[in-house]
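Just so it is clear, none of the values below were taken in a lab; they were calculated from the coordinates. Since this is a predicted model, take the numbers as computed values, not measurements. Every residue, glycine as well, gets a Cβ built from its backbone with ideal geometry; the counts of neighbours run over all protein chains shown.
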Amino acid sequence: MAVKIYRRENIVGVSNTDFSLYRVLMLEPAVGPARLLETMLIRDLKVGALKRVVTLSESLKALSSGQFNLLIADWSRQTDSIKLLQALRGEKSFNRYLPVVVVTANDGPKNMRMVRDAGADEIIYKPFTERILRSRLKAVAQPSRPFVEAARYFGPDRRRFRHEFEGEDRRHHANSTHPDRRNGSIAKAAIERRQGRPGFHPMDRRSSNVRAKIEDLKAVCDGLDVPQVLALRRITLSDPKCKDGHRAADLADFFTIQLLTRIEDYSYEKLEEMAPNGFAPLLPPGPEKHQAEDRALLKTLTEHLLG
């Protein structure tokens, strides 16, 4: 079939700084990551509405109401978001043009291509920070990439890199009055989204040394329990090299995710038993100042579990 280009309407009222008109459906079965996402979306980014579902069937049922203008979907063993995306981008789907952000720990080029080929707008890799989430919401709020319909694909234009191509299959916009990002002689009104083109600015500005630090910490945290992760958190965040504002925030968010996944392994009864004593069994030794900070952090992280 011939390749067709469609223009998706922008989300009315949503801008790079105001997310209050986002009505978000969040597919996330795990309590800890869901709690973290809810905090970022509601407290930090101030989205207008948020509903959480835990299964694909619940997602499709909620989306059929037409109440939501953004889907944030987990892709893991529990949730096959690839299948969900394929259903959304299907020819008979009511939500065919719905913006979708996929959150996953399945990194690597192969997995990224799978998500892109299923029709996702943006991808977030775990662990992530509020700044990363904000950048993806900004990307969706910007004038969106054209939608492409081909023989085996329907979804946002997947091209992020500059690949020169000539031939009968080269795509051109039928309406030449629209800014054409493939033609340098035509001015464009939006930020360039493809790497290699003049004006391109990467959405993720997190420095590479922080990425390397987080990867090292992920390896160190493997097999550690809550007291040991808290001790490592103290040491890491007290390092003068890690006290830069953005860097400290990224690392703090990383440890929050690590602690949440471990806290969920404790039973409700065990957490309820430790709460009155300030979670003393989970606190590493150290000055009272540090223990007070750890107690406050554990109290915050267990609120959603203890009610």
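Quick rundown of the values:
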quantity	calculated
Those lysines that a straight Cα-Cα span of less than 18 Å connects to Lys241, excepting residues fewer than 8 apart in one chain	Lys213
Förster radius 22 Å - calculated FRET efficiency between Thr55 and Lys110, Cβ distance, rounded to 0.05	0.30
Modelled FRET efficiency - R0 22 Å, Val31 with Lys289, Cβ distances, 0.05 increments	0.15
Proximal lysines relative to Lys270, as straight alpha-carbon distance under 19 Å, when same-chain residues fewer than 8 apart are discounted	Lys299
Amide H contacts under 5 Å for Ala73, placed H, 5+ residues apart	Leu27, Val101, Val102, Val103
Förster radius 25 Å - calculated FRET efficiency between Asp18 and Asp117 (Cβ-Cβ, nearest 0.05)	0.20
